[in-house]
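The values are calculated or read from the model by the stated rules, or taken from the named source; none is laboratory data. Note that the structure is a prediction, hence the values are computed from the model and not measured. Heads up, the Cβs are rebuilt from the backbone with ideal geometry, glycines too, and the neighbour counts pull from every protein chain shown.
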C-alpha cells in the first residue's frame, strides 16, 4: 500500500508533446520531447505500437514530472507519461479539454 503522504510526493502535470522520434535501440519505444510549463523534458515511452508519431505531436498528456531520470535502452527518460492498457492496447491519458501546460493534476 502507498500512503497518502507518499502519493503526494508525485508531481503529476499536463505536458504538451513537442516532438516524437523513434527510439534508436528499441522497436516499441518513442523518444518524446515535452513542454511541462516553462521546461522542456525528454521522456521515453513504450507506446509505439499504439500511436503514430503524428497523432501525438501537439497533444496534451499527463506525466509524472519529478521521477529520477532513468536510462531506457541507452536513452535518458526524464519523466513518465501516464497510460492505461487493456486487451485492446494502450490509451495515453489526456485532458478532455485544453488546459494550461504545466497545470497540476489533482
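Side notes on the structure shown:
- Where residue 78 falls short, out of the listed (1) over 12 Å from the mean Cα position of the chain (by Cα); (2) modelled with pLDDT of 95 or more: (1)
- Residue 105 vs. criteria touching a residue at least 24 places away in the same chain (Cβ under 8 Å), buried (at least 17 other Cβ atoms within 10 Å of the Cβ) and more than 12 Å from the chain's Cα centre (by Cα): no
- Summed over segment 42-57, the residues that are surrounded by 19 or more Cβ atoms within 10 Å (Cβ to Cβ) and closer than 18 Å to residue 70 by Cα give a count of 4.
- In the set (1) in a loop (DSSP other than H, G, I, E, B); (2) within 15 Å of the chain's Cα centre (by Cα); (3) more than 24 Å from residue 97 (Cα to Cα), the condition left unmet by residue 2 is number (2).
- Test for residue 76: is it at negative phi, free of Cβ contacts under 8 Å to residues at least 60 places away in the same chain and exposed (fewer than 12 other Cβ atoms within 10 Å of the Cβ): no
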